[in-house]
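Here's the structure we're looking at; comments come further down.
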Protein chains: 2
Amino acid sequence: MAASTLTEVARLAGVSPATASRVLNGSARKPGKDIAERVRQAADSLGYIPNAQAQGLAKSSSGLIGLIVHDIADPYFAAIARGVQEAAREQRRMVLLATTGGAPGEEKEAVAAFAARRADSIVIAGSRSSRAEDREDNAELAAELDRYCRNGGQVAVVGHPVVGAAAPEGYHVVAVPNQELAADLAVELAARWDGDFVIIAGPEGLFTSDDRVRGFQEGLTRAGRGPAEVLRSSFNRDGGYQAGLQLAARITAGGPDGGGLGIFAVNDVMAIGAAAALRAEGLRIPRDARIAGFDDIETLRDFRPALSTVSLPLEDIGRLATRATAPRHADDDGQPAPPVTGRVTLRRSTEAAAG
Amino acid sequence: MAASTLTEVARLAGVSPATASRVLNGSARKPGKDIAERVRQAADSLGYIPNAQAQGLAKSSSGLIGLIVHDIADPYFAAIARGVQEAAREQRRMVLLATTGGAPGEEKEAVAAFAARRADSIVIAGSRSSRAEDREDNAELAAELDRYCRNGGQVAVVGHPVVGAAAPEGYHVVAVPNQELAADLAVELAARWDGDFVIIAGPEGLFTSDDRVRGFQEGLTRAGRGPAEVLRSSFNRDGGYQAGLQLAARITAGGPDGGGLGIFAVNDVMAIGAAAALRAEGLRIPRDARIAGFDDIETLRDFRPALSTVSLPLEDIGRLATRATAPRHADDDGQPAPPVTGRVTLRRSTEAAAG
DNA sequence: CTGTTAGCGCCTTCAG
DNA sequence: CTGAAGGCGCTAACAG
């Protein structure tokens, strides 16, 4: 990775490195027109590309923003990543990507790596966990973040704060009203179906999942219904599929669930998995089971029967998180970011007119 | 972004910075055990995190790998990104992400930005274009890449070489047999449907799209059939939807296409869009039209009717591209990467038993 | 407005 | 095996 340096450019242009720096990179001070032109020509003819590492070292700021997701191929994270990327581009920063599979230990590593690269800010998407097994890692993650912030780093977390993290300067949370929206969804569904509900959830301790479960139960209560049974499995398509198989067996067996079921999967991907399982067992939606998800993943919208869900502005969330970590401008009204809002989106998968 | 420095650690440990460096970061030379322990403790108590920028400056290599995609939220790119990310982690490197919407001008910018950050290598995914309007930008992109390689950078391109790029040291192409596979697909489809075929393609000049179109026509010829009509629209879900609407109108109107149609969309996302359009117009698949895509996107596999397609090992492709740019090891047999292979995957969307 | 002088934090020769 | 010195490429204070 050798390349021509600023010094070479300066020499070619017959000026000092400082002057060359001033014309080539943004400086408050403007060198003379003629000189500037000569420098620019020299730079051009040498194919000069500033060394961002050196600039970063000198200015102690890197123009880098670190993004932490569970899995970039998961459409939920991919959508957020798109928003982050867009905002980053607006701010003329580049994004560094880290995937962790959701393990707090890995997240801690990622934060350290970002800190090492002197990323100006870090966006953490993806559910935090409060499982006992993660306690220690969570504590380390919190400590790492804390240190990062104390050193001037900006952090934005999507959804929930990191467990045990203090809230130092530079620590922002983009709150997502998972619980409220899940409650709204439950109310709507309860108005359209008076049989039993079952919730397909992720592992206990995942905040996003837990919030949605809690909200849904709350909504049922509000609608005068008893709480739904909760089935736990992994927080992805296969988890939904497994749970779906169980439910299919019940429905098929007749019994209390033979009349059908209202299913709420805590995210769209799981809902799709569950739907696939039901179908594989010969059941039909919404005839034999109504099913709803959460997120309103774009790629899944052409799915049939169209999935009832809660629409979340995933891209905006990424954008907001990124903006929250941006250096404050003068023309910045200093207002906290607008809160994230979502809305219940009912589609065919929970349609009343079933038989 | 202040943080404790190596010098501070050294001072605390009562040794020279050089020694501290040797124990903390990988050096061939091993300081004494006692000394090493003291340094490590000092580092620990200070929460020392090495400054990668400074390390990069000194070693002139950054441990960064740049990834260029059209859109990270597109499942095709997301899958490749996952592979890149995995390989990067194996090599203990971090990935820098850039999205370009496929515009060669943006890609050139991205390459320059990566070069500025002194990324050790760059992976370019996403179709290159040979459209006249892109000529100039393509040339600049090629020049930029060329310079990057000459400066010691490693480049891997997925699918096609960049238009007009020389093939200097460090320039690798991960070839994807789009044409062959499309031909195979055509042969299989032709064996199962003897009506007309129509191809829903991306804009002319997109290599990936063009290759698949060409291959499909070739396959038809091989099967003793005449060439299919080609409908062009944008290379995404909406493009597929638009084209689907047109085809639906034809089929509905009866006429020559009233008996049904065999549709090949050059990628899964477009195929899903087209299917959605047909359905919206009251048509059914595969009864009124058979439809096939390309890529075998994971998220789309639960789609019904299940989409016939060509399976591509997207993650592997990302991994291979990344590995191709890795510094050569001693135990490296120097073999070129294994070629990418795919296979035709027939599912219900093109099933013969329709009526 | 330009040039000179110091570093930014680290690694890597080179002596000791 | 350790320490001292120089430099990676650039910017930010100072002088002139």
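The values are calculated or read from the model by the stated rules, or taken from the named source; none is laboratory data. Note that this is a predicted model, so its numbers are computed, not measured. A quick note on method: Cβ atoms are made from the backbone with ideal geometry, for glycine too, and the neighbour counts reach across all protein chains shown.
Selection of the range A:168-206 for residues being closer than 30 Å to A:Arg323 by Cβ and part of a helix (DSSP H, G or I) yields A:Asn178, A:Gln179, A:Glu180, A:Leu181, A:Ala182, A:Ala183, A:Asp184, A:Leu185. Taking B:Gln179, is it at pLDDT 95 or above and either polar (S, T, N, Q) or within 21 Å of B:Thr309 (Cα to Cα) (or both)? Here the answer is yes, as B:Gln179 does meet what is asked. Within the range B:201-212, residues that are farther than 13 Å from B:His160 by Cα reach partners that are of a type in the set (Ser, Thr, Tyr) and assigned to a helix (DSSP H, G or I) with beta carbons closer than 9 Å, at six or more positions or on different chains, in the pairs B:Ala201/B:Ser209; B:Gly202/B:Thr208; B:Gly202/B:Ser209; B:Pro203/B:Ser209. Residues that are within 22 Å of the chain's Cα centre (by Cα), within 30 Å of B:Gln246 (Cα to Cα) and either aromatic (Phe, Trp, Tyr) or not in a helix (DSSP H, G or I) (or both) occur at least once in the range B:207-224. Considered as a group, the residues in the range B:88-102 that are over 23 Å from B:Asp268 (Cβ atoms) and of a type in the set (A, V, I, L, M, F, W, C) include one that is surrounded by the most Cβ atoms within 10 Å (Cβ to Cβ), and that residue is B:Ala88.
Of the strands (runs of 3 or more DSSP E) lying entirely inside the range A:25-136, those containing at least 3 residues that are touching a Leu at 6+ places or on another chain (Cβ under 6 Å) are A:64-69, A:94-99. Scanning the range A:56-65 turns up no residue that is away from DNA strand C (no atom under 16 Å from the Cβ) and over 15 Å from A:Ala119 (Cβ atoms). With respect to the stated conditions, B:Ala79 is within 12 Å of chain A (Cβ to nearest Cβ) and buried (at least 24 other Cβ atoms within 10 Å of the Cβ). Every condition in (1) near DNA strand D (Cβ under 9 Å from one of its atoms); (2) assigned to a helix (DSSP H, G or I); (3) surrounded by fewer than 22 Cβ atoms within 10 Å (Cβ to Cβ) is met by B:Val15 except one, and the failing one is (2).
Looking at this structure, is B:Ser234 crowded, with 21+ Cβ neighbours inside 10 Å and not assigned by TED's automatic domain parsing to the domain that holds B:Gly101? Show your work before the answer.
Numbers: crowded, with 21+ Cβ neighbours inside 10 Å: no; not assigned by TED's automatic domain parsing to the domain that holds B:Gly101: yes.
So B:Ser234 fails the test.
Residues that are more than 14 Å from every other protein chain (Cβ to nearest Cβ) and among the basic types (Lys, Arg) within the range B:238-290 comprise B:Arg250, B:Arg287, B:Arg290, listed in sequence order.
Evaluate the following for B:Gln85: is it within 11 Å of DNA strand D (Cβ to nearest atom), within 12 Å of another protein chain (Cβ to nearest Cβ), surrounded by 23 or more Cβ atoms within 10 Å (Cβ to Cβ) and not small (Gly, Ala, Ser)?
no
One line per residue, one yes/no per condition, for (1) of a type outside the set (A, V, I, L, M); (2) more than 12 Å from DNA strand C (Cβ to nearest atom); (3) under 42 Å from the mean Cα position of the chain (by Cα); (4) modelled with pLDDT under 85:
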residue	(1), (2), (3), (4)
A:Ala13	no, no, no, no
A:Ser21	yes, no, yes, no
A:Asn25	yes, yes, yes, yes
A:Lys30	yes, no, yes, yes
A:Ile35	no, no, no, yes
A:Leu46	no, yes, yes, no
